[in-house]
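First comes the structure, then the notes that go with it.
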Amino acid sequence: MPELEITKIQELIYELRVGDVMHKDVVTVMPSTPVSKLREILRDNRISGTPVVENGRLVGIISVEDFIKWLGEGSPGCAVADRMTRNVIAVCADEPLIQAINKLERLGFGRLPVLKRGTEEVVGILTRGDSIAGLLKKLDVDYRQAETRHARSSHIFEDIVADRSSLIFEYDVAGGSFDRAGASASGLKTSLMRLGINPQTVRRAAIATYEAEMNLMFFTNGGLITAIIESNSIRLEVTDDGPGIENVDQAMRPGFSTAPDWVRELGFGAGMGLHNIKTCADRMRLDSTVGVGTRLAVEIFVGGQT
Amino acid sequence: MKLKDVCKILEAESAWEADWTPSATREVTSCQASDLISDILSFRGPDSLLLTGLTNVQVIRVAELLDFVAICFVRGKRPEPEAVKLAEDKDIPLFATPLLMYEACGRLYAARLPAGTKKEASPIA
């Protein structure tokens, strides 16, 4: 969802400090440096401006614009001190990057000297390019970490050396606990998504599990849902030990329901549960013996992995 | 259609306790309406809005499993506290509209929000 990504980027911007992205080896000049030397200094270092430092203190800033203006005036012999901007706006290394970016935007500056907090010591310089590069780098790191996590679970079957392999998830379902019911289907859905199985297949497995889970909750004293995940299929086995279904064919018929009123009032009991399971399944088998229990087996083929 | 536009059309207000506005620009591409869980489970919900009069926690579960964008309760009903909690947990915005189901559906349909499809779940033959 794009909203989430924006939030993530906003979070990153607030997390990042100026010190994380600034250039640390700053080229500086002295007030006494002749302006005529500026061309070489800017060109050789491929920079467009530089802080002016005297005795370790920031006293000004001079840029290529100042140099061009000086050229336009016929290159009079003078020192940086005569041409530099004196009221320098600087940022602190521990300031959030977002504040510094706002300053760059608002003032229309190309660069800001970075000071150690509480001092006038220049520890770095921040340019617009640095801000963007820093963010991209941080995003890239986070993205790679997320990718690695994803790969770790989604390629699990390729990484295992065996003729056959499967993952087995088991969910205990309590009878009668309306508020908690559905947690198994939810847990299975989350797990299957993490395995990188395509969302449509995951939804089918989740719906089948949910309907089976609600049947256990409404009609039995509880039971067990077992999900067996292999590289090309998801198998669900749902078992309970009573009361059993009298007529399985009738139970499968859409609209047939034995649900009591309280179940219907909650929006259930339309007699579509087993039919919905069948719709989601590629294979389905239902065995039941009254007084003994019921066993439902569902198989869903796994298509392409995402 | 954006979620905030849906709210405007339905004259709906948030039923979350938390702030839902970060989700206001989520895209809603279809709508499904029912008061029966089994019906809802036969819908295919991705990017869909669910209109229902059911307010219990299982409606939220179902919306989560089917990837509904949001749920709007009709005829002035308010969700149960456990339902609100689960919805906030699963990031499914909840709304309440004073409109009856028929009018809520009618307004959205008139605004060209289509019904969702049933295609996705058909088993591989």
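Can you report the number of residues in the range B:45-88 which are more than 19 Å from A:THR279 (Cα to Cα) and under 9 Å from the mean Cα position of the chain (by Cα)?
Counting residues in the range B:45-88 that are more than 19 Å from A:THR279 (Cα to Cα) and under 9 Å from the mean Cα position of the chain (by Cα) gives 11.
Could you list, in sequence order, all residues of the range A:56-86 that are assigned to a loop (DSSP other than H, G, I, E, B) and over 19 Å from A:VAL35 (Cα atoms)?
Scanning the range A:56-86 gives a single hit, A:GLY56.
Looking at B:VAL74, B:VAL62, B:VAL69, which one is open to solvent by less than 10 Å² (accessible area, probe 1.4 Å) and within 12 Å of chain A (Cβ to nearest Cβ)?
B:VAL62
Can you name the condition, by its number, that A:ARG106 falls short on among (1) in a helix (DSSP H, G or I); (2) at pLDDT 90 or above?
(2)
Considering only the range B:36-55, how many residues are open to solvent by 10 Å² or more (accessible area, probe 1.4 Å), part of a loop (DSSP other than H, G, I, E, B) and either more than 7 Å from chain A (Cβ to nearest Cβ) or over 24 Å from B:LYS2 (Cα atoms) (or both)?
6
May I ask you to list the residues in the range A:16-39 that are free of Cβ contacts under 8 Å to residues at least 24 places away in the same chain and open to solvent by 90 Å² or more (accessible area, probe 1.4 Å)?
Those that are free of Cβ contacts under 8 Å to residues at least 24 places away in the same chain and open to solvent by 90 Å² or more (accessible area, probe 1.4 Å): A:ASP25, A:LYS37.
Looking only at the range A:182-219, count how many residues are at the interface with chain B (Cβ under 8 Å from one of its Cβ atoms) and outside any helix (DSSP H, G or I).
1
Would you confirm, using the coordinates I've provided, whether A:VAL80 is surrounded by 13 or more Cβ atoms within 10 Å (Cβ to Cβ) and closer than 16 Å to A:VAL123 by Cα?
No, not satisfied.
Kindly indicate whether B:SER14 is open to solvent by 10 Å² or more (accessible area, probe 1.4 Å), in contact (Cβ under 8 Å) with a residue 40 or more places away in the chain, among the small types (Gly, Ala, Ser) and facing chain A (nearest Cβ under 8 Å).
no
Being among the small types (Gly, Ala, Ser) and over 29 Å from A:HIS275 (Cα atoms) narrows it down to one residue among B:SER14, B:SER38, B:SER34, B:SER42; which is it?
From the options B:SER14, B:SER38, B:SER34, B:SER42, the qualifying one is B:SER14.
Helices (runs of 4 or more DSSP H) wholly in the range A:239-287 with at least 3 residues that are of a type in the set (A, V, I, L, M, F, W, C) and farther than 15 Å from A:ILE207 by Cα - which ones?
A:248-252
Can you tell me how many residues within the range B:86-102 are assigned to a helix (DSSP H, G or I) and surrounded by 15 or more Cβ atoms within 10 Å (Cβ to Cβ)?
Going through the range B:86-102 one residue at a time, the tally reaches 4.
Filtering the range A:225-249 down to residues that are aliphatic (A, V, I, L, M) and over 33 Å from the mean Cα position of the chain (by Cα), which residue is surrounded by the most Cβ atoms within 10 Å (Cβ to Cβ)?
A:VAL238
Out of the residues in the range A:259-280 that are free of Cβ contacts under 8 Å to residues at least 12 places away in the same chain and more than 10 Å from every other protein chain (Cβ to nearest Cβ), which is least open to solvent (accessible area, probe 1.4 Å)?
A:PRO260
The values are calculated or read from the model by the stated rules, or taken from the named source; none is laboratory data. Predicted model, so just to flag it, every value in this text is computed and none were measured. A quick note on method: Cβ atoms are made from the backbone with ideal geometry, for glycine too, and the neighbour counts reach across all protein chains shown. Side chains included, ligands, DNA and RNA excluded: accessible areas come from the protein's heavy atoms. Shrake-Rupley method; radii C 1.70, N 1.55, O 1.52, S 1.80 Å.
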